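Accompanying notes for the structure given below.
The values are calculated or read from the model by the stated rules, or taken from the named source; none is laboratory data. Keep in mind it's a predicted model, so treat the numbers as computed, not measured. Note: ideal-geometry Cβ built from the backbone for every residue, glycine included; neighbour counts use all protein chains shown.
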Amino acid sequence: MSKENGKHLPESETKLTLGLPGETRGPTTEVGGKSGTKRGFSETIDLNVESSSEKQHSKNSDHDDGFVIDHEASASRPPPPKAQVVGWPPVRASRKNVMKSCKFIKVGLDGAPYLRKVDLEMYNSYHQLLTALQDMFSSCLTIRNFLNERKFMDPVNGIEYLPTYEDKDGDWMLVGDVPWKMFVESCKRLRLMKSSEAIGLR
Amino acid sequence: MSYFPDEVIEHVFDYVTTHKDRNALSLVCRWWYRIERLSRQRVFIGNCYAISPERTLARFPALRSLTLKGKPHFADFNLVPQDWGGFVFPWIENFARSRVALEELRLKRMIVSDESLELLSRSFPNFKSLVLVSCEGFTTDGLAAIAANCRQLRELDLQENEIDDHRGQWLSCFPDNCTSLVSLNFACLKGEINLATLERLVARSPNLKVLRLNRAVPLDTLQKILMKAPQLVDLGTGSYLTDPHSETYSKLKIALLKCQSIRSLSGFLDVLPRCLPAFYPVCSNLTSLNLSYAPGIHGSELIKLIRHCVKLQRLWILDCIGDNGLAVVASFCKELQELRVFPSDLNDIGHAAVTEEGLVAISAGCPKLHSLLYFCQQMTNAALITVAKNCPNFIRFRLCILDPKKLDPVTAKPLDEGFGAIVQACKSLRRLSLSGGLTDQVFLYIGMYAEQLEMLSVAFAGESDKGMLYVLNGCKKLRKLEIMDSAFGDVALLTDVGKYETMRSLWMSSCEVTLGACKMVARKMPSLNVEIINEHDQTEFCPDDDEQKVEKMYLYRTMVGPRNDAPEFVWTL
């Protein structure tokens, strides 16, 4: 369906993009869409796997349906963050703000058969977080959080768990040492670690 | 027709209340027109620039309640620059000067200044009700003026406004002898609230029926408030976090048992799902539940809550409920009339939250469903056809597939046939929003079958001008048409310019319309304002180049000509 058969197309024409079927691509215009045409789809939800310097050409490339392989195989490069186009999806700012503040991280409990996810932005303090963690695994183990102590104990088998987290640098730290906001910023995952294993952290 | 004195006709007209019906009355004959206009107290103006305050009062001197709408709908999605317009001040100022006995003001998408609110609060001694939806431009200082000066205030309802919170003591400005409050909604406020003041206000408001709190109100205060106001009918919780083993939580459970009148529940802006069971006794009476601002409640907890809500008529939730959750809704909420499913994660468009399966389940289980807003990952024609068969009573059908041009994943075809089935089966359809891969064909169906359609929203759709023309020619009752990023251009715009006089407005952005064509519409139709909105660098836009495409065009009928408050970047042709 592309025009490449028997034709020599410049590399800019062979970029992987998601074009509208039958979309007319007019003659090259400056970046920024000053011509006022409908925004090329590549400008919108950006599924391009290409370098940013070539982005300007992609919306003007002259292929019908846009599904062409990028020989540069940008598999080595991570896909760029998806651009949010103005007006799409049709969600009010107040709703977008509710979502934006999500910081989901994985939580594991040593010995529990599954991981959970928790949104750190939902809580304002360590106490709230620990209460939530206790609830989260209450169906699995009967752990309890002791007030003023940042640890959990399972009264059934007497095992103590310490809440630990992996920070941005990949180090495992004890939960509770840094101010709350700083913790939220740097925490990448949580682990309720058996006390006996948390030797290096104390 | 035998002769009745005016007073008798007027008395009969008192029973005719809706805006549409009153308009119909006024068209019967001159005599009825006169009686109707002299007795109309509630006036609805869908576009504040269609008429002026002076002419409004000239026609309706008995006006007591005014509803005004400003910016076009797409302003909700940041497509309209903030200062575009929609100022309420001239209206309030004019009404104040003319000594209108204003009791109620309802505004949507308007710019409201503190100055306007202060003037409002001082000018109308009988003022009772202020409802602001999606407005901006004011601060809590304006609210303080309303609280302090409106002695008869019954309703202060703030929905999704952008309010600059000065963290002042606006709530304390309600005088101690103010006991008339029936409805108070400040959920959209971001700042702190004086909790003791709030408790005292609730305690002295025996008629309080609606109370929606903001995030700054903790569960502890909620519990105290509920003890003082068990008569509440509509409750929006603030922050819903506490230790489930605490005394506060126990007290809350007791308080809620006494709240037998709650029919509408919302809030849970911060939430510990473990504490939701306190609300189970309330759930069985609920007719309206809005958890769309509660991303902290995950699928399984949502389902546990919803199982109790057997009388539910309206449900607003996030898509983390999943298709399975919707199937549960379908089996428990047989009275459901309105469903809105909002997206919970816009950054990860790949994950499957809800799909066509959830919608089909709902349509099969909820025969009374008539209003839908559904954000989903994908949709199939087969599903839409099934939905149309199951629910032929849709009045509002708004589908938003997050990937806007996504085809039917099973057949790789556009969704023309699916939407076609919807418009053909739903003979009462008044509002429709399209998404997904769509050709001109869907518009052919809409033009053919959607006879009652009043509002149509289009994005990333169509192939040629024919699409838009099918709609303009076919939908006789069309009032609002809004189009973004679609293949419609000058031919579509110009073929029947007279049509726009029968509509409230037309919005076209990022389409193929040229400046020259817009100028022609303006020339041919002096009863329309044709506005070109040009936010980018002014020098790039050449006013004489008729060939250039127009970024955003908004045209609307008006009786008062071009407005005089348009900002620089808005050009009325």
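Within region A:90-139, the set of residues being in contact with a Ser or Thr (Cβ under 7 Å, 6 or more places away or on another chain) and among the acidic types (Asp, Glu) comprises A:Glu121 only. Restricting the search to strands (runs of 3 or more DSSP E) fully inside region B:84-179 and requiring at least 3 residues that are under 27 Å from the mean Cα position of the chain (by Cα) and charged (D, E, K, R) gives B:104-108. Scoring B:Leu373 on the criteria (1) within 14 Å of chain A (Cβ to nearest Cβ); (2) at pLDDT below 95 leaves a single failure, condition (2).
Scanning region B:70-93 for residues that are within 19 Å of B:Glu115 (Cβ to Cβ) and either within 14 Å of chain A (Cβ to nearest Cβ) or among the charged types (D, E, K, R) (or both) turns up B:Gln82, B:Asp83, B:Glu93.
On inspection, B:Asp319 passes the criterion of being buried (at least 17 other Cβ atoms within 10 Å of the Cβ) and within 14 Å of chain A (Cβ to nearest Cβ). Within region B:291-304, residues that are more than 9 Å from chain A (Cβ to nearest Cβ) sit with their Cβ atoms under 8 Å from residues that are of a type in the set (Val, Ile, Thr), at 6+ positions apart or across chains, in these pairs: B:Leu291/B:Ile297; B:Leu291/B:Ile317; B:Ile297/B:Val271; B:Gly299/B:Ile321; B:Leu302/B:Ile317; B:Leu302/B:Ile321; B:Ile303/B:Ile321; B:Ile303/B:Val328.
Taking the options B:Ser266, B:Ser288, name whichever one is touching a Lys or Arg at 6+ places or on another chain (Cβ under 9 Å), of a type in the set (S, T, N, Q), crowded, with 21+ Cβ neighbours inside 10 Å and touching a residue at least 12 places away in the same chain (Cβ under 8 Å).
Selected residue: B:Ser266, the only one of B:Ser266, B:Ser288 that is touching a Lys or Arg at 6+ places or on another chain (Cβ under 9 Å), of a type in the set (S, T, N, Q), crowded, with 21+ Cβ neighbours inside 10 Å and touching a residue at least 12 places away in the same chain (Cβ under 8 Å).
Please verify whether B:Val80 is part of a loop (DSSP other than H, G, I, E, B), within 28 Å of A:Val86 (Cβ to Cβ), of a type outside the set (Phe, Trp, Tyr) and at pLDDT below 95, treating the condition exactly as stated. Here the answer is yes, as B:Val80 does meet what is asked. Restricting to region B:174-207, name every residue that is closer than 20 Å to B:Phe127 by Cα and in contact with a helix residue (DSSP H, G or I) (Cβ under 6 Å, 6 or more places away or on another chain). Hit for region B:174-207 is B:Phe174, nothing else.
On the stretch given as region B:180-220, residues that are of a type in the set (S, T, N, Q) and over 30 Å from the mean Cα position of the chain (by Cα) total 1. Taking region A:113-123 as the range and being at the interface with another protein chain (Cβ under 10 Å from one of its Cβ atoms) and either surrounded by 15 or more Cβ atoms within 10 Å (Cβ to Cβ) or acidic (Asp, Glu) (or both) as the test, the residues that pass are A:Arg116, A:Val118, A:Asp119, A:Glu121, A:Met122, A:Tyr123. Checking B:Ala24, B:Ala58 one by one, the residue that is modelled with pLDDT under 95, under 29 Å from B:Tyr554 (Cα atoms), exposed (fewer than 14 other Cβ atoms within 10 Å of the Cβ) and of a type in the set (A, V, I, L, M, F, W, C) is B:Ala24 and no other.
Applying the criterion of at least 2 residues that are over 24 Å from B:Ala388 (Cβ atoms) and within 14 Å of another protein chain (Cβ to nearest Cβ) to the strands (runs of 3 or more DSSP E) found wholly in region B:441-560 leaves B:505-509, B:528-533, B:552-557. Among the residues here, A:Asp119 qualifies as among the charged types (D, E, K, R) and at pLDDT 80 or above. Taken together, B:Lys427, B:Lys413, B:Lys405 contain a single residue that is out of contact with any Lys or Arg (no Cβ under 6 Å at 6 or more places or on another chain), of a type in the set (D, E, K, R) and closer than 17 Å to A:Gly87 by Cα, which is B:Lys405. Taking B:Ser428, is it of a type in the set (S, T, N, Q) and touching a strand residue (DSSP E or B) at 6+ places or on another chain (Cβ under 9 Å)? No: the conditions fail for B:Ser428. When B:Phe268, B:Phe342 are checked against the criterion of being in contact with a Leu (Cβ under 9 Å, 6 or more places away or on another chain), at positive phi and not basic (Lys, Arg), B:Phe268 stands alone in meeting it.
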